[in-house]
Every structure is written in C-alpha cells, then in structure tokens.
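**Q** Have a look at the structure that comes next, please.
The values are calculated or read from the model by the stated rules, or taken from the named source; none is laboratory data. From a predicted model like this one, the values you see are computed outputs, not experimental measurements. For neighbour counting, all protein chains shown are included, and Cβ atoms are generated from backbone atoms with ideal geometry for every residue, glycine included. Areas reflect the complete protein model, heavy atoms only, side chains present, ligands, DNA and RNA absent. Shrake-Rupley method; radii C 1.70, N 1.55, O 1.52, S 1.80 Å.
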Amino acid sequence: MPEEIGNLALSDLMHYATILCKNMVAAIIVFIIGRFIIKRVCSIFAKILKKKNVEISLETFLNNFVSISLNCFLVIIIIGVLGVETSSILTLIASAGVAIGMALGGTLQNFVGGLIIMILKPFKVGDSIEAQGYLGVVKEILIFNTILTTFDNQTIYIPNGLLATGTLKNYSNQSFRRVDVPVSVAYGTNTSEVREVLMKMIDADPRILHDEDHKPSIPMTTMGNSSIDFVIRAWVNSADFFTVKYELTEKVYNIFKEKGIEIPFPQMDVHMRN
C-alpha cells in the first residue's frame with residue numbers, strides 16, 4: 001500500500017513537472033515574441049512623435065509610458081501562460097484604476113487634454129486664441145493648463161481639458177485676415193460717392209492688400225430703418241488686424257465729416273391725425 005501511494009505521488013509530481021516545463025517553454029516563447037512586438041510598436045510610436053515635432057520632454061514621457069504599459073500587459077499574459085489565475089490580479093488593477101480615476105477625474109482630464117494639445121498642436125506658444133470667453137496670446141502650454149496673457153495684460157490659466165474638448169478660435173493660424181468695418185449713411189446719400197471716398201481711403205493704407213486673391217470691396221448690405229448700410233471688407237496680414245480695424249473705423253468718421261456725408265442717428269417718423 002505505501003508503495004502504491006509513493007508511485008502515485010511520483011506520477012503526479014512528474015505530471016505537474018511536465019505541465020510546468022511546457023508552461024515555462026510557452027512563457028519563454030511568449031516573452032520573446034512579446035518583446036519583439038513591443039520594440040516594434042515603440043519604434044513606430046517614436047517615429048510618429050518625431051514627425052509630429054512633439055516637444056522632447058513630452059516625447060520622452062510618452063515613449064516611456066507606452067513601453068511600461070506594454071511590458072506590464074506582457075507580464076500579465078506570461079503569468080496567465082504559466083497557469084497562475086490572473087482574474088484576481090486584473091480585478092485588483094481595475095479597482096485601483098477606478099479609484100484613482102474617480103479621485104483624480106478632473107486632473108486626469110486636464111493631463112490627457114495637455115497631451116492632445118501637445119501632439120495635435122491646435123495652437124502654439126505665441127498664437128492669439130479665443131477660448132472659454134478669453135482672448136489673448138498663448139504664453140506657455142503646461143501639462144495641466146495653458147497660460148494666456150490678455151491684451152490688457154491679465155494672466156489667465158485655462159485647464160487643458162476644456163481647451164481640448166471645447167470650441168477654440170486660433171487667430172494666428174492663417175497669414176491673412178479680413179477686416180470688416182460696418183458703415184452707415186443717411187438715405188439720399190449718393191452711394192457711388194460713398195464707395196469712391198472709402199476706396200480712396202483704403203488705397204492710401206499700405207497695410208491693406210490689393211492682390212488678385214485679396215481685393216478690398218465695399219458692398220451695400222442692408223437698407224435699415226434709419227440708414228443705408230455698407231461694410232468695408234479689406235484683407236490684411238494677421239498681425240495688423242486689430243490695428244487696421246480700429247484705425248479704419250476712426251478714419252471713416254473723420255472722412256465722412258470732412259466730405260459732408262451724413263452718418264444718421266436712429267429716427268422714427270410720426271404721423272399725427274386730427
């Protein structure tokens with residue numbers, strides 16, 4: 001009887017040893033193949049970051065993050081190949097991830113937003129942008145927020161999560177911008193004279209473009225209750241936009257005053273009956 005028990009135990013030991021050896025061989029093969037795939041993926045990812053001209057600090061961080069994440073995933077696979085129950089490990093990791101995500105929800109959103117901004121580059125340092133109700137120049141792009149300086153010299157910190165998911169205007173993306181200045185004159189005014197006066201004013205400004213693709217125009221837009229409305233449409237370099245817009249508005253007033261062209265006030269005709 002003891003001899004049979006010993007033979008049975010030896011048989012079981014040999015069986016488990018065989019299974020362990022097979023699992024070890026499979027794990028080694030998985031490790032070799034996995035490491036090869038990870039190196040290839042990391043190499044491709046690094047090339048993509050290079051093409052996107054990602055900042056060196058962010059590039060290093062992202063490369064390390066991808067490499068560590070893939071290697072952790074490979075370790076979990078190898079543990080499973082060895083026959084160890086991985087469901088409890090995955091459950092623990094998932095629970096920890098949920099807890100961390102709930103505790104740092106806003107911070108993680110801003111962190112991811114910062115990565116998106118640095119990779120896709122919807123704007124860069126020095127651009128004039130409008131977002132979240134603020135208009136200013138981008139001074140610095142950080143991981144969690146972006147710093148703007150408004151034109152009246154206020155410093156604004158905007159979370160990157162809002163910038164990455166919200167509406168944003170970038171006034172520096174294009175080389176040229178069109179200045180629109182509304183102009184109103186009284187009924188009875190000679191419209192040809194209005195256009196002639198305004199066009200001479202435009203032609204005298206060297207900052208306004210006159211090439212084939214950016215010719216200025218002065219269309220009549222509406223016939224309002226108290227006035228005939230025009231709009232001056234002139235193309236300028238983006239850097240000159242605000243200066244030209246404000247100066248044109250003042251020039252229109254002065255030249256109309258000089259030429260005797262009436263700028264009407266809102267008015268109403270009242271008819272009285274006996």
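**Q** Is one or more of the residues making up region 234-245 more than 30 Å from TYR134 (Cα to Cα), modelled with pLDDT of 90 or more and among the hydrophobic types (A, V, I, L, M, F, W, C)? Talk me through it step by step, then tell me what you get.
**A** Initially, region 234-245 is screened for residues more than 30 Å from TYR134 (Cα to Cα), giving none.
Looking through region 234-245, none of the residues is more than 30 Å from TYR134 (Cα to Cα), modelled with pLDDT of 90 or more and among the hydrophobic types (A, V, I, L, M, F, W, C).
**Q** Any residue in region 36-56 that is in contact (Cβ under 8 Å) with a residue 12 or more places away in the chain and among the charged types (D, E, K, R) sitting within a Cβ distance under 9 Å of a residue that is open to solvent by 100 Å² or more (accessible area, probe 1.4 Å) and not in a loop (DSSP other than H, G, I, E, B)? List the pairs, counting only those 6 or more apart or interchain.
**A** LYS52/LEU120
**Q** List pairs: first in region 254-274 and within 17 Å of LEU198 (Cβ to Cβ), second open to solvent by 100 Å² or more (accessible area, probe 1.4 Å), Cβ under 9 Å, 6+ apart or cross-chain?
**A** Hits for this filter: ILE255/LYS200; PHE256/GLU262; ILE263/TYR253; ILE263/LYS257; PRO264/TYR187.
**Q** From the list ILE89, ILE76, pick out the single residue that is closer than 30 Å to THR18 by Cα and modelled with pLDDT of 80 or more.
**A** Details: ILE89 fails: modelled with pLDDT of 80 or more.
None of the others qualify; the one that does is ILE76.
**Q** Go through (1) over 30 Å from GLY136 (Cβ atoms); (2) at pLDDT 90 or above one by one and return the number of the condition VAL179 breaks.
**A** Looking at each condition in turn, VAL179 falls short on (1).
**Q** Report every pair of residues separated by at least 6 positions or lying on different chains whose Cβ atoms are under 7 Å apart, first residue within region 175-193 and under 14 Å from ILE218 (Cα atoms), second open to solvent by 50 Å² or more (accessible area, probe 1.4 Å) and in a helix (DSSP H, G or I).
**A** Every condition considered, the pairs that remain are VAL179/LYS245; VAL181/LYS245; VAL181/THR249.
**Q** Among LEU115, LEU148, LEU70, which is open to solvent by less than 30 Å² (accessible area, probe 1.4 Å) and at pLDDT 85 or above? Can you show your working first?
**A** On the way: LEU115 fails: at pLDDT 85 or above; LEU70 fails: open to solvent by less than 30 Å² (accessible area, probe 1.4 Å).
Going through LEU115, LEU148, LEU70 in turn, just one is open to solvent by less than 30 Å² (accessible area, probe 1.4 Å) and at pLDDT 85 or above: LEU148.
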